[in-house]
Every structure is written in C-alpha cells, then in structure tokens.
Amino acid sequence: MPETKPNTVYPPHPSLGVTRLFLSSLPSYVLETDVTRVFEGIYPTPKLSFARTKNGRNQGALRPRVDFYDLESAEKALAIYHLQPIPFVEPRVTLTFSTIPGFYPKSFGVPDASVSPRIIKALPSGCTEGTLYDLCRPYGPIYSVRIDPVAGGLVQFWVEAHAQDAEICLAPRMILKPYDPYSLFCTNLGFNLDSWTFRTHFAKVSAIFLFRGGVAYPSKYGDITHAEIFTTQGGKSRGRGVITFSQTSEASTALQAMQGVEIDWKSLSVTYCWVKERVKKCATQAESASKGIDSCVLDGEASPLEKSTVAEERRSTTVPSEPTPAPKVPKIPIQRPESAAPEEVVDGQTENHSSIDEDLDSAVEDLYATAAPSKLTQAPPGSTTAPSWQLFNFQQLLDDSATKHRAAQIQTERLREELESAKLQIYNTEKELRAAQLENELLRGKMESTEQQGAAVNKLLQERLDAETKERAAQQVQNQLLRDEFEGVKRALEIAESRLKILQLEADRPLWEAAKKKREETERVERAREERRRAAELAESRRKMQEFQEQEKARKRAAEEAERKERLRREAEERARQEKEGVRTQAAREGRAGTQGA
C-alpha cells in the first residue's frame, strides 16, 4: 500500500505539556559534560542548568534542569533518553525525566497493556533514533524509540490505533510488526534439538520454582517461563523455536548474548517474536465476548451472587409503610388535684380519676386494719387519742407515696417523649434511605441508557472509520497511478530537454570552435610570455649569483690579507720581546760575574 502524507497537526502527548523537564538526582561522579553530551542530538539544542547538593545524604549529587525551545523537542528527548543509561559513564547511571524537581521524580506512566511495541527490520544505513522518531511521530505520540544492533528498530506508541496507522503508511519503505518483548524467536536450530536441550543452552537448570502460575527456570540471563521447538505434523523439528523470559530486560540481554552463538555447529539467529494477527484476532474476539457477557448481565438477570447481595441490601433497608405504635405505658393512680378535670384521654383511652379516690379509701381501711401491730401506729406514752395518732402516720405515708408516684409519672412522660422522638428520627432516616434507593435506581437506569448510547455511537464511528479506510485505500491507489503517470511525463520531458541541448550545441559549433581557437592562441601567447619572463628571471638570478661570488672572493682576500698582517705584527712583537729578554739576561749575567770577581 503506498505511503500517505500524515496530518500536519500531530496527536498531542498524553502526559507531557511543558517544555521544562527535570532529571533525577545523579551520583557525584557524573559530570556536567556527560549530561550535555546526551542532548547533542536534539535540535535546537536545549538549555541545561546544573546544581549540586551541598549537604545531606546525597551530598555532591548532580541535579540537572533541561529547558527545551519547543514541546516537540521535549517529546523527542523523552522518547529517546527516558530510562536510558548515560553513555560512557561507569558505573551505569539511568536518566529519569520528570516535570517536577526532586530526588524521586514523578513517573510519566506507561502505555496500556493492549499496545504492542513494533519492530522495524531493514533500517536504512545511517538511521539514528532521532531519525526514526521523526519518521514515526506524525502518526501519534511515541513512548520510546530504540535501535538495537541485533533486532533493529524498536518503537512503542502510546495508542494502538496510532501504531496501526504507522504500519499502513510506512509499508512501502519499511515494515512495522508488533512483537512480544518477553519472547525471542530463534532460527537455524539443529533438527535433532528438542525443547529441553534448547532451554539448557540458555540456562543451566539448577532449580525449578513456580512463576505466575507456571514453571520458571533460573538462568544467567533471567527466568525462563517457556521454551518450544516448532515441529511438523510428523513430529520433526522445523529448525525454529521460541523462548520466553519473565522480564523484558532479561530477553534483551539474552538477545545480545546469544546472537550468532553456535549450537550443534550452526550459528544461531535470534530476534524478537512477532505477534501474529490470529492472536490479536482471538484477543479481540475474547474481549468482545466478555463485553457481551457484561452487557447481558447489566440488561438481563443478575448473577446469583449479585442476587443475594441485592436481596440482603433490600432486607436490610426495608422501610415499613406505617410507624410502629408505641408500647402501652402502665397508668399510675395518684391523688387527683381539686382543679383537675374529672376525665383525661391518654393514648386513646378514657381514664376516670374517681377510681383513684376509691383506691385511696381502700388503702386507708387496710392501714387501719394493720395499725395495731405497726410501730408507726403506736401512740406515744401518755397519749389518750391513739386513733388520731395512727391517722396522722397514715396521712404522712400517703403523702410520701403520692410524691413518689408523681415523680414516676413525670419520668414516664419524659421517656414517652424521647421514644416518640426516636421513632420520628427512624422514620425520617428510612424515608431518606428510600429516596436514596430510588435515586440509585434512576442513576442505574441512566447509566445503562448511556452505555447503550455509547455502544451505538461506537458502532457508528467504527462504520465511519471503515468507510474512511476504504476511501483512503482507493485514494492511495489513485495517487499511485497519478504518481506513475507523473514519473512517465517527467522522464519524457527530461529526454526532450537533453535532445534540445544537443541540438543547441550542434547549432553553436562554429562559435565554440572559434572560441576554442582564440582560447588556444591566447594560451600560446601566454606561454611564450611566461617563458620569456622565466628566462629573464633566470639571467637576473645568474648575474646576481656572479656578483655575490665576486663579493665573496673579495671578502675572503681581504680577510686573508688582514690575517697575514696580524700574523707579521705578532711575529715582530715576539722577536722584540725575545731580544729584550736576551739583553736583560746578559746584563744579569754580567752583574753576577762582577760580584763574584769582587
């Protein structure tokens, strides 16, 4: 399918909206030049600011700040250098970007698990990570881009739809395939190699333990969770196999180490395992099936567990239709005041206060009957009116009982009011709970309606997307035809232009031949002039050389003459000195001889 020109407005990055980024705290042995060298591939070059921690546990740690000139440069640096080691720095140090400063930066997150990374084979020569980013960025924001020396280009988008668009549009120049970063696809295996032997070449099995519900085998590269040799229907090996690790970093290390290793005198070829379309199709069908089940549960009858939960909630939140009547409170007979009404209505019952008087009369008779043995009814010594004293005691006891009964009645009324208030509060709470349940039912209905509308909208959008895809494919075919036609016309035009130039050259032959002769004559004159100039320079140099030689000879003769004169002068002086010494010696001898004669 031919390439289509992407939109000029690129999809925005999901989590980056600023041009200033901070790097995590780096160890003290990392230099500013090491960090500056990392961003040399970003154009325009960002502005870097550095600060070092002066005290504390991380004393001397480097805290860089990067100010990019635009958001596109920040996205590019984040995709290329985020969570990557600094080159040529040992021990290894990883760069971690954040939008806020600190020793523990906030993470940018990772793409959804449904987004498969893409592997790109047969990259152009000289292709860098920046070039690969510029090639793929128009189709959507990129989480990471790497160039592996063994596997090739590795690109992961944030959205699966953007990755699929890149696959379609970049198909003429390069092939993007989704791959599994945990699995390695090995070819050129021996036909006698089984899965167990294949596994042992990646790991020396010293222990077996459970891993994510399966079996994992420890190795020098990591934990191997699966190893398989592809065979024919007859059980013979196809010479290809797949091995799966528990971590992506382990798979990357094994890819670098096992590429080209000889197994049974065959050089092993290792790359990442591509995700086949049928696997993606099965996953899509499974997802749609699960959505269908969920919609059936929402639209139809709930599951048994949900039924029991709803029943429990309904039983616990059932509101009675009428408030429960209060319990009957026993009536306490007391002495009726003179100003009270003869009858009162309490809880819907008519009560006659005349019965209280009768009860008091019967109580008085009982007290009279028991007055003799009671200490209270005994008259004091010397008293002549014993019945009057007993009546006084009885009246005092009766007053105490009436006071206690009145206090009990007041307490009962207070308890009755508190009970009525509690009943009213319970009724209001149940009423509010019933209203909340009705509101929840209404919201649930709105949610179901919204989900149905969303499903209909999604279906309509999918249909529009399919129609646009078909239209785009037809437009691409038409563009290819127009491009081919344009190339043909361009080629014919170039041929016509070349023929026209040949005819023009033929027509201008006399002119350029005359010009050629004139140019040759001019060159001949120039050569003769140059030869004469060189001969004159040579004669002049020879004359100067002769003059110099004559001057040198004269100088030598003068020097020799001066030297000869100097030598003669020295010889004359030497002779004069010797003569003086001889005269002096002779005089001395004569003096000594005269002395001896005397």
Q. Taking H as built 1.01 Å from N, whose amide H comes closer than 5 Å to the amide H of GLN247, not counting residues under 5 places away?
A. ASP223
Q | Over the stretch 19-78 - Rg/Rh using Cα atoms and the Kirkwood inverse-distance radius | A | 1.01
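Taking the convex hull of the Cα atoms, report for the stretch 99-171 its projected area averaged over all directions, in nm². The partial results should precede the final answer.
Numbers: hull surface 24.9 nm².
Taking a quarter of the hull surface, the average projection is 6.2 nm².
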Q. So what are the ³J(HN,Hα) numbers for the stretch 252-261, from phi and the Karplus equation (6.51, -1.76, 1.60; θ = phi - 60°), rounded to whole Hz, Gly and Pro as x?
A. 5, 5, 5, 4, 5, 7, 8, 5, x, 6
Q | In sequence order, calculated HN-Hα J values of the stretch 431-443 (Karplus, 6.51, -1.76, 1.60; Hz; x Gly/Pro) | A | 5, 5, 5, 5, 5, 5, 5, 5, 5, 5, 4, 5, 5
Q. Which ³J(HN,Hα) values in Hz, rounded to whole numbers, follow from the phi angles of the stretch 451-462 under the Karplus curve 6.51 cos²θ - 1.76 cosθ + 1.60, where θ = phi - 60° and Gly and Pro get x?
A. 5, 5, 5, x, 5, 5, 5, 4, 5, 5, 5, 5
Q) Convex hull volume of the Cα atoms in the stretch 427-496, per residue, in Å³? A) 64
Q: Would you order CYS273, CYS136 from fewest to most other beta-carbon atoms within 10 Å of each residue's own beta-carbon?
A: CYS273, CYS136
(Q) Kirkwood hydrodynamic radius, the stretch 450-598, all distinct C-alpha pairs: what's the number in Å? (A) 29.7
Q: Report the equivalent ellipsoid semi-axes for the stretch 19-145 in whole Å, largest first, defined as the square roots of five times the eigenvalues of the gyration tensor built from alpha carbon atoms.
A: 27, 16, 15
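Here, each number is a calculation from the coordinates, and none is a lab measurement. Just so it is clear, the structure is predicted and the values come from calculations on it, not from any experiment. Methodologically, a virtual Cβ is constructed for each residue, glycine included, from the backbone with ideal geometry; neighbour enumeration extends over all protein chains shown.
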